[in-house]
Structure formats: structure tokens, C-alpha cells
Amino acid sequence: MFKTCLDNVRANCPLIHNITNYVTVNDVANVLLAIGASPIMADEPSDAAEITKICGGLNVNIGTLNKRTIKAMFASAKNAAALGHKLLLDPVGAGASALRTKTALDLLKKFRFDIVRGNISEIKTLVLGSGTTKGVDADVADAVTDGNLDKAVAFAKSFSSSKKCVVAITGAIDLVADARKCYVIRNGRAEMGRITGTGCQLSAVTAAFAVANPNNLLEATAAAVCTMGLAGEIGWSKMQDGDGNSTYRNRIIDALFNMTGDELEAGAKYEIR
């Protein structure tokens, strides 16, 4: 199943429009190329909406907001929705400031995103309208653990039902859910959190999986999350003495580039609830 999702990305080379943050934009482009997709970045309002028309999916990441990029997000989402393209929202840092929170909530109110991907604090903020996000990191009190897993799964399903989307809540334990089913995913390494932008990269990868597997969004999203987590595991296994987080970033990208569908199928660690 996950093998097919990855194989479809490589076979179809989906073009993904990314309105993403300037901290991670280069790595976002590189991970899309590594998995066999094609990236394009445009955040000037007079350009972005037109660029969206030629793409199969739109990845909206609010990591470094300004008035210009906010305008581009709304214009591009409007075109993407009208054309039936896949839309993904990454509400980076929602809850950390009024502007971030308002922008994320306004986008969700105006458009139906196919997928929303964030950490547990960000997703809770989208429900409550305010939050305690620590920068772009999840608040410690919000962490998904084995002890609160049942409640977290129920929350993910409820969010999906209310927003009519697939939700990916990522952290030490990842949850990918629609209203009826939730994948509990345990791929990845804690060290991935020491690299800027692995979440941003995952959002772009998820958008590509969604475009390449349009009729199977839940499984496509779960496959994307497993793919990124497994790449983190493979990359870490190849670290040598003297390597640091810069090398680790490159090894993750290399692992994505070299990953086969069979390798993903064998390495994916998940249960369904």
C-alpha cells in the first residue's frame, strides 16, 4: 500500500507550489526533488496565484509571515480550490502570536484544506482559537504519549471530522487520521528535531503524495509521514564520528532519494486505530 503511494509519486512527478518560509525553502525544494516530485516557489501575490494554476498541489506554510505572503496564500488557495487541486496547510507556530493564529484560522475558515499538518500544540490552537505553542515547537504539556494516546487519537479524528480534512499531528508519536481511522506511526528519530525544517519538508512531501494519490488521501498522508520518519532512521544509521546536524540533514535527503517502495513497506512502523 505505502509502496504504491511512493511509486505513484515517482511515476507522476507532481508539481507542488510551495508558499513556505525562507528559513527552510531550499531544503523543501530538495526533498521534493529527492522523492521524485517537482517544486516551485512563488510568494509574490501578482505571481503566486497564476503559478498555482499550473501545479497539482499547494503547500501553504505560515512559518515566516508578512503582509505580502499572506495575500499570496489567500490568492493561491482561492485558485487551487477552484481548480480542484490538493491543498495542504502547515500552521507553523499557530498559538505563538496573534498574527499566526489569525492567519491560520482565517485560511481554514475560507478554504477546505485536504490536509492539515502540524504539531499537537498547533492543531489544538486551530480548535481553541488560542494556544501555548513554544515558538514552532509543541508545548511539553501537549506531547502525544502512550499514556494519553487514546485521547489524542480521538482528538485527531474529531478534528478531521469537523474540518473535513485529513490531519497529520507529528511528534515523537505521529497521528494521521480521518474521521474514522487513525494511523499511529512510530518512525523517526528524536535527533530530527535538531535540524531546522524537517516538519516543513514533511509538509511538502505530504502534498506531493496527496497529488500523486488523489483518491487515497489518508493512506497517502500516512505513507508520507512514514517515508520522512524512515529517512530519518536511515540517515542516522549512516552517521559517522564527527558528523553533526548539517550532515544529518543531507543524509536524510539522500535517504529519501534512494528509498524504494519495498524499503518503505518493510520499514514503516504503524498501527491502525
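Tabulated data
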| item | result |
| --- | --- |
| Taking all pairs of distinct alpha-carbon atoms in region 24-130, Kirkwood radius in angstrom | 14.1 |
| Förster radius 35 Å - calculated FRET efficiency between Ser97 and Arg180 (Cβ-Cβ, nearest 0.05) | 0.55 |
| Those chymotrypsin sites (Phe, Trp or Tyr not before Pro) in region 1-77 that DSSP places in a loop and that have at most 12 other beta carbons within 10 Å | Tyr22 |
| Calculated FRET efficiency for the pair Asp146/Cys13, C-beta based, R₀ 45 Å, to 0.05 | 0.70 |
| In order through region 186-198: 3J(HN,Hα) via Karplus (6.51 cos²θ - 1.76 cosθ + 1.60), integer Hz, x for Gly, Pro | 10, 7, x, 10, 4, 5, 4, x, 9, 10, 5, x, 5 |
| Cβ-derived FRET efficiency at R0 22 Å, Leu33 paired with Glu191, nearest 0.05 | 0.45 |
| Length released on extending from Asn215 to Asp106, taking residue separation times 0.36 nm less the Cα-Cα span | 36.6 nm |
| Most to least accessible of His17, His85 (protein chains only, probe 1.4 Å) | His85, His17 |
| Mean Cα-pair separation over length for region 48-186, i.e. relative contact order, pairs under 8 Å, 6 or more apart, % | 19 |
| Overall form of region 68-123 per C-alpha gyration tensor (a/c, 1.5; a/b vs b/c) | oblate |
| Out-of-range pairs (alpha-carbon distance over 24 Å; input Lys3/Lys181; Lys86/Lys163; Lys3/Lys124) | Lys3/Lys124 |
| Set of aspartates and glutamates near Lys67 by C-alpha distance (under 20 Å), chain-local residues within fewer than 8 positions excluded | Asp43, Glu44, Asp47, Glu50, Asp90, Asp106 |
| Expected 222 nm ellipticity per residue - DSSP helices of 4 or more, -39500 (n - 2.57), all of the chain, to 500 | -16500 deg cm²/dmol |
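The values are calculated or read from the model by the stated rules, or taken from the named source; none is laboratory data. Fair warning: this is a prediction, and the values are worked out from it, not measured in the lab. All Cβ positions, glycine included, derive from the backbone under ideal geometry; neighbour counts span all protein chains shown. These accessible areas exclude ligands, DNA and RNA; they are computed on the full protein's heavy atoms, side chains included. Shrake-Rupley method; radii C 1.70, N 1.55, O 1.52, S 1.80 Å.
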